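To start, the structure under review is shown below, and the notes come after it.
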Amino acid sequence: MPKSLYIGTRIRHFRKLQKRTIQEIANTCGLSKSMVSKIETNSVIPSVATLVKIAKALGVNVSVLMEENEIRSSVFIPVQQAISGITKTNRGYKIYPFASEYKDKVMQPILFVANKGEVKEHQLTHDGEEFIYVLEGEVVVEVGEKRYTLQKGDSVYFNSEINHSVMPVSDTSKYLNVFV
């Protein structure tokens, strides 16, 4: 089972440590109780924006929810691990969070694979900053009123507190998104 499927288990662990209810977390994040329950039982993989909201509600870094307990000074990820660990989100993206077992990260690099027609249109806003680097294909990134068309090798860096979205233009797009 991919490590990203254990995110819900870690969310439940922190919530119970704080003696908080599912309803409390749901209200704080603007989610339904049912959605938080599905996330905690690993039935649904949350979007990155949802994960950021839950982490903030729990007062922990996103990386804490995505990592194992073991402390490491470095993490090697063979290409086959990244390919086999890709998980589909409820927004239509496929993701692989790199170095999820590295403790107390200040950034979270995530590989996104997006297919045209599968990604649901949406706007996101959350704390932090983001860096997107296109590995393959073409995507449109909207940040506030600005619209960027990025192709292989192009990148954009922005404040995540500004409404933003990423939509694939080509049949398949792959990009590295680094969240800080």
Worksheet, complete the sentence: accessible surface per residue for the chain, probe 1.4 Å, DNA/RNA/ligands not counted, whole Å² -> 53
Practice prompt. Treat each spin label as a single point 7 Å out from the Cα along the C-beta direction, and report the residue 88 to residue 76 distance in nm.
Written response: 3.3
Discussion item. I need the calculated FRET efficiency for the pair residue 34 and residue 56, taking r as the beta carbon distance and R₀ as 30 Å, to the nearest 0.05.
Written reply: 0.90
Item to complete: Return the subset of 120/146; 33/174; 38/120; 105/152; 38/116 for which the Cα-Cα distance in this structure is over 22 Å, preserving the input order.
Response: 33/174; 105/152; 38/116
Fill in: Protein accessible area in the chain, 1.4 Å probe - carbon and sulfur %
52
Fill in: Stokes-Einstein D (µm²/s) once Rh is taken as the Kirkwood radius of region 105-174 over alpha-carbon pairs, at 25 °C in 0.890 mPa s
198
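The values are calculated or read from the model by the stated rules, or taken from the named source; none is laboratory data. None of these values were measured; they are calculated from a predicted model. Note that we place each Cβ from the backbone using ideal geometry, even for glycine, and neighbour counts take in every protein chain shown. Quick note on the areas: whole protein, heavy atoms, side chains included, nothing else; ligands and nucleic acids left out. Shrake-Rupley method; radii C 1.70, N 1.55, O 1.52, S 1.80 Å.
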